[in-house]
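One structure below.
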Amino acid sequence: MIEGAAWRRWVFYNIPLILFVFILLFPFYWMIITTFRPDGELYRPWNAANYQPFWTNNPTLDHILYLFEETSFERWMVNTMVIAAVSTVISLFCGVFAGYALARLNFPYAGGLGTAIFVTYLVPQTLLFIPLAEIIRSFRLGDTPWSLILTYPTFLIPFCTWLMMGYFKAIPKELEECARIDGASRFKAMIYIILPVAVPGIMSAGIFAFTLSWNEFIYALVFLSSPEQKTVPVGVTSELIRGDVFFWGPLMAGALLGSIPVAIVYSFFVEHYVSGLTGSVKG
Amino acid sequence: MALVSIRNVNKVYDGNVHAVKNVDLEIRDKEFMVFVGPSGCGKTTTLRMVAGLESITSGDILIGDTVVNQLPPMDRDIAMVFQNYALYPHMSVFHNMAFGLKMRKFDKAEIDKRVRDAAAILGIEDLLARKPRQLSGGQRQRVALGRAIVRHPQVFLFDEPLSNLDAKLRVQMRVELKKLHERLGTTAIYVTHDQVEAMTLGDRVVVMKDGVVQQVGEPLELYNTPANRFVAGFIGSPAMNFAEVTLSASGGKVWAEAPGLKIGLPEPVARRVGSRNGTKATVGVRPEDLHVAGPADPAELCFDVEVEVIEQLGSEIVLDTRAASNAFVASVEPTLRVRMHDRLRLAINPNRLHLFDAATEAAI
């Protein structure tokens, strides 16, 4: 807490906070206002007499209607949802077990392996998509949801593994030892004791993985080609930017509607999510 | 109920840290055995090897007649109480206590009965629905104990279970543990670094240092006849006084001399000294075996000191004194009137003088 005179509170706390919140929220505001602004206002030159960039007096749903009537936006939403959900489940499943093994099983070179897995996460997707495209082509998975469901885990599993490894390490060893003395096998101790205790960590990993695959762009752009198969980020940008013409209204409407599910997921799990990040397990 | 045999057990970590060296112990049926020693002495490692949480590098551990070296913890029929209690945070007290029984597929009625019986013994019946985080330290400790006793195991293992409690609660739980052991009669192995706990709880006590067992015996045996200087210094509070002396024989007596100190060794000790005449040794005397010299005390057992610090404890006075380079702590009657920097003459209780070899530190 900032102590002392009132001006100190303003200078060191309130004003920086207001600036920060403003900078964070302004793009969302811009997205929302553009979504509901009629085309006539959107393309009005800046020096026109009635130029009014931050507000509109004639809100319209035209752009949203355009999105649903003229593009396959519902399909894109469903595609994105299914791909993000399935690849999140796969990655969580592998990440939880791998993280547990790396944190607890003390096998030779566990530490080195943990670092190696993290390093794979650091390899940029902009390089990886080239060999992956070759693999997708060989397996004839191009232009199907499987091309993404199977490639997203290449960066999601290292991420989940790393996050879960840290979380499992923070859980006192004695909990598990006690369970094993109580009559549980290593596997049962994990299922009945460690996993329930790790739920906040698993949720954080899940939310992150879901968001990462929801927003993923490069793989989706490269591996999918027909409009019906696309995900929201790729669909919106490829179908609503034609040549050098930007359909700003529908573009922003797509961005707005596309970010709503993620926002819902976040707010739904926020409590668990926060305790997962702070990672506290008290006996 | 069972005896536990630890036969020539060694533990070597990563090929170079020798944590437990040739430990050979027999813990009798229904016995309360305490392992005590400074941190890093191998006591907890030994306990964890009995539990099956740590592999044995060489040697055998038997519970009853079974060699358990290769058995997983779940098959050893033991229960363990951990220092941090290790309660399952997502389960209620009832389910914490029932977990071991559920894993062993007891039927519901039996689980319910056993948990309620254990809760009644420990006085935690009204906490059964709570989660561990809603409990105080003492209550958590009881739940951890309850979780161990519902199983009716062959052996209880305690790993410093009281060290997270405040001083008052620790004394109270110590008494309860003793009563509980009396009532259940289960063989118990208890690890602690606190020699008071060791003395008060143990039927027998094992003193360890650097992975080696220093002495095994009943508490008073360790106190009265310590096997070496380490045990003598570790057991007892305030700790035993030591002085490095040179032994010499003259006038039919054996004398132990140090700067500011010349003590004629009592007859039984002198006889044991034998051929060590002229060598170095260590004299040990407990604070309570020193008293202010009176006319009846033989002169060869008295020496002069200067009082440096006076600690009034009510029931006794603890004096920190100095004779030349040697410091002596003496606990004397509370009626003594003494001030700092006073000079006093202290006398040693002749039957309570200890002598240790300077090189091997073994008792002479």
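Brief remarks follow.
- Percent of beta bridges antiparallel (DSSP, chain B, rounded to nearest 5): 75
- Each Lys and Arg Cβ is given +1 and each Asp and Glu Cβ -1; about its Cα centre, the range B:68-119 then shows a dipole of about 100 debye.
- Gained length - B:Glu182 relative to B:Glu333, 0.36 nm times residue gap less alpha-carbon distance: 50.9 nm
- Ascending count of other beta-carbon atoms within 10 Å, so fewest first, for B:Cys41, A:Cys160: B:Cys41, A:Cys160
- Spatial separation of Cα centroids for the range A:57-96 and the range B:28-57, in angstrom: 59
- The aspartates and glutamates within cross-link reach of B:Lys105, meaning a Cα-to-Cα straight distance under 13 Å and a gap of 8 or more places when in the same chain, are A:Asp182.
- With neighbour counts taken as other beta-carbon atoms within 10 Å, the residues B:Glu54, B:Glu267 rank, fewest first, as B:Glu267, B:Glu54.
- Among B:Gly15, A:Pro45, B:Val269 - extreme Cα towards positive end, dipole of the protein assembly as shown, charges at beta-carbon: B:Val269
- Overall, the ratio between the Cα radius of gyration of the range B:8-62 and 2.2 N^0.38 Å, rounded to two decimals, is 1.11.
- For the range B:57-156, the orientation-averaged shadow of the C-alpha convex hull comes to 7.3 nm² (one quarter of the hull surface).
- Projected onto their three principal axes, the Cα atoms of the range A:139-283 cover extents of 67, 37, 18 Å, largest first.
- Percent RCO, i.e. relative contact order, over chain B, from Cα pairs under 8 Å lying at least 6 residues apart: 16
- Residue-wise HN-Hα couplings along the range B:134-149, as the Karplus relation 6.51 cos²θ - 1.76 cosθ + 1.60 with θ = phi - 60° gives them from phi, are 8, 10, 7, x, x, 5, 4, 4, 5, 4, 4, 5, x, 4, 6, 7 Hz; Gly and Pro carry x.
- Angle in degrees between helix A:199-215 and the longest Cα principal axis of chain A, rounded to the nearest 10: 40
- Exposure proxy ranking, count of Cβ atoms within 10 Å, fewest first, for B:Arg133, B:Arg286, A:Arg75: B:Arg133, A:Arg75, B:Arg286
- Translational D in µm²/s for the range B:75-223 (Stokes-Einstein at 10 °C, 1.306 mPa s, Kirkwood Rh from C-alpha pairs): 99
- Phi-derived couplings, Karplus 6.51 cos²θ - 1.76 cosθ + 1.60 at θ = phi - 60°, listed residue by residue for the range B:259-265: x, x, 8, 9, 10, x, 5 Hz, with x used for Gly and Pro.
- P(r), alpha carbons of the range B:241-357 - 5 Å bins starting at zero, rounded %: 2, 12, 23, 24, 18, 11, 6, 3, 1
- Quotient of C-alpha Rg and 2.2 N^0.38 Å, computed over the range A:26-171: 1.57
- Direction-averaged projected area, Cα convex hull, chain A: 21.8 nm², rounded to one decimal.
- Of all DSSP beta bridges confined to the protein assembly as shown, the antiparallel ones make up roughly 80%.
- Placing +1 on the Cβ of every Lys and Arg and -1 on the Cβ of every Asp and Glu, with nothing else charged, gives chain A a dipole about its Cα centre of roughly 840 debye.
- When shorter helices are ignored and each DSSP H run of at least 4 residues is given -39500 (n - 2.57), the per-residue value for the protein assembly as shown at 222 nm works out to -14000 deg cm²/dmol.
- Net lengthening on full extension, A:Ile130/A:Val262 (0.36 nm per residue, minus Cα-Cα): 44.7 nm
- Partner aspartates and glutamates whose Cα lies under 17 Å from the Cα of A:Lys230, excluding those fewer than 8 positions away in the same chain, are identified as A:Glu69, A:Glu70, A:Glu74, A:Asp143, A:Glu216, A:Glu239.
- B:Asn16 paired with A:Ala170, simple spin-label distance in nm, labels 7 Å along Cα-to-beta-carbon: 3.3
- FRET efficiency, B:Arg130 to B:Lys102 (Cβ-Cβ, R0 22 Å, nearest 0.05): 0.70
- Inter-probe distance in nm under a simple model that places probes 7 Å from Cα toward Cβ, at A:Ala49 and B:Thr200: 9.5
- Convex hull of the protein assembly as shown built on C-alpha atoms - directionally averaged projected area, nm²: 45.9
- A Förster distance of 35 Å, applied to the separation of the beta-carbon atoms of A:Phe246 and A:Val119, puts the FRET efficiency at 0.35.
- ³J(HN,Hα) computed for each position of the range A:24-32 - Karplus, 6.51 cos²θ - 1.76 cosθ + 1.60, integer Hz, glycine/proline x: 5, 8, 4, x, 5, 4, 4, 4, 5
- Dmax and Rg, reported as Rg then Dmax, of chain B (C-alpha, Å): 24.6, 81
- Virtual spin-label span in nm between B:His95 and A:Asp143, 7 Å along Cα→Cβ: 5.1
Bear in mind that the values in this text are calculations on the coordinates, not laboratory data. What you are looking at is a predicted structure, and each value in this text was computed from that prediction instead of being measured. Here the Cβ is made from the backbone with ideal geometry for all residues, glycine too, and neighbour counts use every protein chain on show.
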